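Input: a single structure, listed below in structure tokens.
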Amino acid sequence: MKLAVAVLCAAATLSACGSDDSADAGDLTPVRFAMASPSWNAGFAVMAVVEAEGFYGEEGLKVTTNLFPSATQAAQQVAGGGADLGLMTVEPVAIGHDKDLNLAYFDSYWPKWIYSLQVPDGSDVKSIADLKGKKIGVTAVASSGATFARTAMKLNGMNEKDASLVPIGAGAQQINAIKSGQVDALALWDIQYQAVKNAGVTLTPLPVAETADAWGGGFATTRKNLEAKKDVYERFGRAVAKAFVFSQANPEAAIRDLWKLHPETRGSDPEKKALADAIKVLQVRLDGQGFGDKSLGRIDEAAFTRSLDFLASAGLIKKFPAKDVYTDEMFTAINDFSYDDVVKKAEK
């Protein structure tokens with residue numbers, strides 16, 4: 001088993017492999033997890049905590065985490081049997097509904113829509129209509145942020161060619177692009193915006209009414225898997241919920257867990273600044289998760305329907321009931337643990 005994990009970790013498409021040495025691997029249920037992210041960052045610190053603090057092992061799981069550059073690729077892995085479950089935004093599962101991918105969400109990770117259009121403070125762009133003739137920075141032309149930008153323009157009476165989409169990569173490239181005036185606006189997702197703000201750039205959102213109060217995405221698998229291995233997915237969700245509680249109680253410890261497992265996320269800034277900036281990014285992910293009423297992982301039907309309405313209005317999907325692609329049967333079991341015990345562990 002260890003040799004197999006080592007081989008997987010060496011593959012170019014993978015950037016992290018989970019293991020748990022606290023128990024004999026033979027006593028643990030193996031789970032292959034596809035995470036839609038090209039790299040680790042503070043926005044995924046919770047997913048480092050769940051491994052570093054042994055929460056997978058507590059739930060009897062041996063999880064191998066594989067990173068994929070896009071939600072579409074993660075969804076394809078799960079649908080094709082290359083992974084048991086994946087973390088992905090709404091679009092690929094919704095679009096895959098008509099293509100018989102037969103995927104369904106069982107646990108929330110992004111309780112709010114994560115994409116938005118934003119402009120630097122002082123910009124003469126005050127509405128989406130003002131983007132005509134402007135340059136919009138996106139991580140890549142094929143990114144979900146770019147799709148969101150095109151859709152938002154279409155819904156506001158514009159042709160998608162009325163503005164130019166300029167690929168600006170990630171991290172420092174994004175910051176340089178906006179500071180130097182290479183782009184007039186940005187179409188990114190929430191944690192990327194926080195990183196831009198951490199660099200001292202003040203941004204103003206351009207409201208997109210159709211995505212207000214919409215759901216962002218979460219953990220999905222096939223309907224067949226849900227029926228055959230429901231207990232495994234409940235245990236996975238519970239392990240992640242514990243990591244959320246831990247991260248909320250001690251965000252500094254969560255970031256240090258991330259740095260320990262993935263040192264490349266530490267960056268070159270002085271420790272005090274690096275830690276403060278990373279915690280701000282993590283906090284974006286912790287907001288709105290449902291700590292107060294212990295409903296971590298719950299998928300709100302009305303919010304999910306808002307997401308589907310947005311995709312349908314853009315012609316990306318045919319309208320269908322939200323329950324076709326998610327279940328809310330698991331979040332009670334997912335929250336069936338002692339929050340107090342996890343908080344005590346975090347505060348040690």
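The values are calculated or read from the model by the stated rules, or taken from the named source; none is laboratory data. Keep in mind it's a predicted model, so treat the numbers as computed, not measured. Here the Cβ is made from the backbone with ideal geometry for all residues, glycine too, and neighbour counts use every protein chain on show. Ligands, DNA and RNA are excluded from the accessible area calculation, which covers all protein heavy atoms including side chains. Shrake-Rupley method; radii C 1.70, N 1.55, O 1.52, S 1.80 Å.
Tabulated data for the structure shown
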item: Residue tally, condition touching a strand residue (DSSP E or B) at 6+ places or on another chain (Cβ under 9 Å), among the small types (Gly, Ala, Ser) and without any contact (Cβ under 8 Å) to a residue 60 or more places away in the chain, over the range 125-141; result: 3
item: Contacts under 8 angstrom Cβ, first residue in the range 185-202 being under 18 Å from Ala45 (Cβ atoms) and of a type outside the set (Phe, Trp, Tyr), partner modelled with pLDDT under 90 and surrounded by fewer than 21 Cβ atoms within 10 Å (Cβ to Cβ), 6 or more apart; result: Gln192/Ala170; Ala195/Gly171; Ala195/Ile175
item: Ala36 vs. criteria open to solvent by 10 Å² or more (accessible area, probe 1.4 Å), touching a Lys or Arg at 6+ places or on another chain (Cβ under 9 Å) and modelled with pLDDT of 85 or more; result: no
item: Selection within the range 140-170 - under 20 Å from Gly181 (Cα atoms) and of a type in the set (A, V, I, L, M, F, W, C); result: Ala140, Val141, Ala146, Ala149, Ala163, Leu165, Val166, Ile168, Ala170
item: Cβ pairs under 8 Å, 6+ apart, first in the range 72-86 and more than 19 Å from Gly237 (Cα to Cα), second of a type in the set (Val, Ile, Thr) and surrounded by 24 or more Cβ atoms within 10 Å (Cβ to Cβ); result: none
item: Residue in the range 152-160 that is in a loop (DSSP other than H, G, I, E, B), open to solvent by 50 Å² or more (accessible area, probe 1.4 Å) and in contact (Cβ under 8 Å) with a residue 12 or more places away in the chain present; result: yes
item: Test: residue in the range 306-319 that is within 20 Å of Trp113 (Cβ to Cβ), open to solvent by 80 Å² or more (accessible area, probe 1.4 Å) and either assigned to a helix (DSSP H, G or I) or aliphatic (A, V, I, L, M) (or both); result: yes
item: Residue match in the range 212-220 (condition: buried (at least 18 other Cβ atoms within 10 Å of the Cβ), out of contact with any Gly (no Cβ under 9 Å at 6 or more places or on another chain) and part of a helix (DSSP H, G or I)); result: no
item: Meets criteria (open to solvent by less than 20 Å² (accessible area, probe 1.4 Å) and either modelled with pLDDT under 85 or touching a Ser or Thr at 6+ places or on another chain (Cβ under 7 Å) (or both)) for Val93; result: no
item: Search result, residues across the range 175-206 that are surrounded by fewer than 21 Cβ atoms within 10 Å (Cβ to Cβ) and part of a strand (DSSP E or B); result: Leu203, Thr204, Pro205
item: In the range 177-195, the residues that are within 13 Å of Ala278 (Cα to Cα) and not hydrophobic (A, V, I, L, M, F, W, C); result: Gln192, Tyr193, Gln194
item: The range 244-289 - residue that is part of a helix (DSSP H, G or I) and among the acidic types (Asp, Glu) and, of those, farthest from Asp107 (Cα to Cα); result: Glu271
item: Failed item, numbered, when Asn335 is tested on (1) surrounded by fewer than 18 Cβ atoms within 10 Å (Cβ to Cβ); (2) under 15 Å from Glu234 (Cα atoms); (3) of a type outside the set (Val, Ile, Thr); result: (1)
item: Residue check for Ala302: out of contact with any helix residue (DSSP H, G or I) (no Cβ under 7 Å at 6 or more places or on another chain) and either outside any loop (DSSP other than H, G, I, E, B) or not acidic (Asp, Glu) (or both); result: yes
item: Matching option when the condition is more than 16 Å from Gly96 (Cβ to Cβ) and in a helix (DSSP H, G or I), among Asp324, Asp336, Asp340; result: Asp340
item: Members of the range 124-149 that are part of a loop (DSSP other than H, G, I, E, B), more than 22 Å from Ser313 (Cβ to Cβ) and open to solvent by less than 20 Å² (accessible area, probe 1.4 Å); result: Val125
item: One residue from Glu271, Glu264, Glu252, Glu301 being open to solvent by 40 Å² or more (accessible area, probe 1.4 Å) and touching a Leu at 6+ places or on another chain (Cβ under 7 Å); result: Glu252
item: Yes/no for Val63 being at pLDDT 90 or above and either buried (at least 20 other Cβ atoms within 10 Å of the Cβ) or closer than 23 Å to Phe310 by Cα (or both); result: yes
